[in-house]
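Written out below as structure tokens is the structure these notes cover.
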Amino acid sequence: MKSTFSRILTAVAIALLAALLLIGIFFQLLVRDYLTDTAVDSLKADGEVLVELVQVAYSEAPGTDRNFSVALTVATSVSGADAVICDDSGKLILCARSPFGCEHQGLVVSKDFVEKVFRNGSATDTGVIQGLYPERRYVVALPILNRQTGDRMGIIIMSMPMEETIGVLRRISEIFVFVSILVVLLAVCLMTLFVRNQSKPLRVMAKAARAFGHGELTARVDIEGNYTQEVEDLALAFNNMASSLQKSEYQRQEFVANVSHELKTPMTTIAGYVDGILDGTIPEEKGRQYLQVVSDETKRLNRLVRSMLDISQLQDQQGIPEEQKTRFDVEEALGQVLISFEQKIEAKKLQVQVDMPEHPVFTQANQDYITQVLYNLVDNGVKFCPEGGALALSIREGSGKVYVSVANEGQTIPAEELPLVFDRFHKTDKSRSQNRDSWGLGLYIVKTIVSAHGENISVDSRDGKTTFAFTLPRVN
């Protein structure tokens, strides 16, 4: 499997080589065109001078005057070009290389080429001039016309070897290849350092992820390094995810431990009493009494299981579906809950204070779940309110919300305990833990139901009064 480093390095190397190749090709074309244009312009300028010399020396047709031949040879030697003169039929009559005659004399140039020169005023080409020169050349041909009559006298063919230009291009190519190799090597070295530095935090995160996967829940990525914004965001996201998973794992462990602890006592009680009845340790006349204890403990276990199933169902739904919500009167629901606690309230001689509007207050929610919330809060208030104390129930309206609160007099909950009262199996003090009917799940269920409706619940405890308040949507 290729690493990120090798992939980036390969991509950069390919892109760099492609860029250098394109630059080299275009540069070669530009230099070649420039050298070609320079050579052609030089040949044309020299040819125009020689045409004037021929026109001055000969009035009708170029001949073989030795003085002119010497002058032609000197002129071409100075310019560095070669020249041959042909008559109007294309027959070579004079060569600058051999002013006193050469083997090329008598060579006939193509009639079409001669006509092209006279017709266009000049002709430019590159290639090999068969019979004259074996190497490739720049060629410029100009017509020679009589100054007085304008009649055709012949043509002059100027040429220059292309070898010098080809050599320049070859040298440029060699230099370019050498520089390209240096650039690529330097780029690879720099990219190696850069990519390794950039991939370092990824390796750190991979190491932390492996450690976390092997059970090291405290593994985190150090983000104090000089990271890029994207890598830092990824590191923060990883740390947040790790913290969330660590918290979930601790909660799971705590949940298992708490359930095990809560189940241990009733299971031990049931097993002890049943064994006592079976082996005769408990007298027969007391068997019914202890069977009632076993029945009560079994019911308590059943309530625990039912509560856990309700919580699991709410958490799986991740919210209350709209089809499960109905429109109902919150005052009526709270009144029915209050009636179900009539005996307990009278037994503790509690003073119940009710503050509700005189008209119905409607909400759109799951009535069974909200009734359970009201039941758990009233049960909590009655349970921890001292004998003869006050229990206050309130319903208010405002800003499209219904505000419901249940308050009771009693022991103040310490400030450090307030954020924990809605946790599973949490009991704030020893006196509450001694209550065998309490599992520490009532307020957790309340919090879960209210949150599933998208609403909020809070608790406040000060000066011997504890108040639980939550919101519901208000509808007409």
Assess whether residue 337 counts as being in contact (Cβ under 8 Å) with a residue 60 or more places away in the chain, touching a helix residue (DSSP H, G or I) at 6+ places or on another chain (Cβ under 6 Å) and surrounded by 18 or more Cβ atoms within 10 Å (Cβ to Cβ).
no
Would you point out the residue of the stretch 340-371, among those that are in contact (Cβ under 8 Å) with a residue 40 or more places away in the chain, more than 17 Å from residue 469 (Cβ to Cβ) and not aliphatic (A, V, I, L, M), that is surrounded by the fewest Cβ atoms within 10 Å (Cβ to Cβ)?
351
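For the stretch 361-379, name all the residues that are out of contact with any helix residue (DSSP H, G or I) (no Cβ under 6 Å at 6 or more places or on another chain) and either of a type in the set (S, T, N, Q) or more than 18 Å from residue 457 (Cβ to Cβ) (or both).
Going through the stretch 361-379, the residues out of contact with any helix residue (DSSP H, G or I) (no Cβ under 6 Å at 6 or more places or on another chain) turn out to be 362, 364-365, 367-368, 370, 372, 377, 379.
Within the stretch 361-379, 362, 364, 367, 372 meet the criteria.
Let's see how each residue does on (1) surrounded by fewer than 19 Cβ atoms within 10 Å (Cβ to Cβ); (2) modelled with pLDDT under 90; (3) in contact with a strand residue (DSSP E or B) (Cβ under 9 Å, 6 or more places away or on another chain):
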residue: 376; (1), (2), (3): no, yes, no
residue: 379; (1), (2), (3): yes, yes, no
residue: 385; (1), (2), (3): no, no, yes
residue: 393; (1), (2), (3): no, no, yes
residue: 409; (1), (2), (3): no, no, yes
residue: 414; (1), (2), (3): yes, yes, yes
residue: 432; (1), (2), (3): yes, yes, no
residue: 446; (1), (2), (3): no, yes, yes
residue: 460; (1), (2), (3): yes, no, yes
Within the stretch 32-42, is there a residue that is loosely packed, with under 12 Cβ neighbours inside 10 Å and among the hydrophobic types (A, V, I, L, M, F, W, C)?
no
For residue 218, work out the one condition from (1) surrounded by fewer than 15 Cβ atoms within 10 Å (Cβ to Cβ); (2) among the hydroxyl-bearing types (Ser, Thr, Tyr); (3) within 24 Å of the chain's Cα centre (by Cα); (4) part of a loop (DSSP other than H, G, I, E, B) it doesn't fulfil.
(3)
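Restricting attention to the stretch 261-289, report how many residues are surrounded by 11 or more Cβ atoms within 10 Å (Cβ to Cβ) and within 28 Å of residue 442 (Cβ to Cβ).
Of the residues in the stretch 261-289, the ones surrounded by 11 or more Cβ atoms within 10 Å (Cβ to Cβ) are 262-263, 265-277, 282-283, 286-287, 289.
So of that shortlist, the ones also within 28 Å of residue 442 (Cβ to Cβ) come out as 262-263, 265-273.
The qualifying residues number 11.
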Pairs returned, first residue in the stretch 71-93 that is in contact (Cβ under 8 Å) with a residue 12 or more places away in the chain, second residue that is part of a loop (DSSP other than H, G, I, E, B) and among the polar types (S, T, N, Q), beta-carbon separation under 8 angstrom, 6 or more apart or interchain, are 90/110; 92/105; 93/64; 93/105
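Scan the stretch 47-65 and tell me whether some residue there is assigned to a helix (DSSP H, G or I), farther than 14 Å from residue 144 by Cα and modelled with pLDDT under 85.
Residues of the stretch 47-65 assigned to a helix (DSSP H, G or I): 47-57.
Within this subset, residues satisfying the condition of being farther than 14 Å from residue 144 by Cα are none.
No; the residues of the stretch 47-65 include none that is assigned to a helix (DSSP H, G or I), farther than 14 Å from residue 144 by Cα and modelled with pLDDT under 85.
The values are calculated or read from the model by the stated rules, or taken from the named source; none is laboratory data. Remember, predicted model here, so these are calculated numbers, not experimental data. Glycine also receives a Cβ, built like all others from the backbone with ideal geometry; neighbour counts cover every protein chain displayed.
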